[in-house]
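To keep things clear, I will list the structure first and then write my remarks on it.
The values are calculated or read from the model by the stated rules, or taken from the named source; none is laboratory data. Given the structure is predicted, the values throughout are model-derived calculations rather than measurements. Every residue, glycine among them, receives a Cβ derived from its backbone with ideal geometry; neighbour counts consider all protein chains shown.
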Amino acid sequence: MDLFDRLQEQIGTVRLPLFAVTVTAAAQVNTPLIAILHWHGFRRATPLVLPGVEIPSRAVPGSAIQLDAPWHSFETVDAMLLDAAWQSGAWDVERVEQRGCNVIGASAAETLACRQAFGDYGEDMVRDPQLLGDETDRDGLMQLAARRGYVRWLFRPVKGGLWRTLDEPDDTLEVDGGRQPPCPVSPVPRRPGGSGRTVYRLGKVHRILLPR
């Protein structure tokens, strides 16, 4: 599965810079992955024009994509995310492993984190849609994750993303903010117990940085 190509296709369609990309998997191999593309931009929610009334713009909702390609190890998903993040020019990739929130002792914060990992923002979704047209199985996968746990990856693209405008130093990037494959960083096995945080560093600076 080529996540990078899917991202570039979405960027070309939406025509806005990406703020971040998250991908979430229930802790059960060979289940669909949910990728959420978080856009940076504001648009009017309606074309209606009222004389003397200024209708404010609203944040553009994210895009949810379901990745159905088969996979049989979390290292395979790690490799896919690392490849997409590498080509997108991201500085790093964060992988967070969480237990299920339908277990004794799970806190409200754990439940909220699980819902948000699958793009469910609760009451905010009633007031303002948080996702563009959603044809995924997010609800069912979220229920599975609540029982089995889940893994959530996050990276911030430079190529086609908001972060390119910041011009942060990274000697691995090409002119367009991306990188040529393959990614030189290898996946790390999941932590024992299925809980913890791993950060893959992709960007590098090979020179001395002087104060601006």
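Per-residue answers, yes or no, for (1) surrounded by 12 or more Cβ atoms within 10 Å (Cβ to Cβ); (2) under 23 Å from residue 78 (Cβ atoms):
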site: 137; (1), (2): yes, yes
site: 140; (1), (2): yes, no
site: 151; (1), (2): yes, yes
site: 159; (1), (2): yes, yes
site: 166; (1), (2): no, no
site: 171; (1), (2): no, no
site: 176; (1), (2): no, no
site: 179; (1), (2): yes, yes
site: 184; (1), (2): no, yes
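May I ask you to list pairs of residues, at least six apart or on different chains, whose Cβ atoms are under 6 Å apart, with the first in the range 183-212 being farther than 12 Å from residue 98 by Cα and touching a residue at least 40 places away in the same chain (Cβ under 8 Å) and the second being of a type in the set (Lys, Arg) and part of a loop (DSSP other than H, G, I, E, B)?
Within 6 Å, no pair qualifies.
Could you list, in sequence order, the residues of the range 118-159 that are modelled with pLDDT of 95 or more and among the β-branched types (Val, Ile, Thr)?
Matches in the range 118-159: 151, 158.
Got a number for residues in the range 81-103 being under 13 Å from the mean Cα position of the chain (by Cα) and of a type in the set (A, V, I, L, M, F, W, C)?
7
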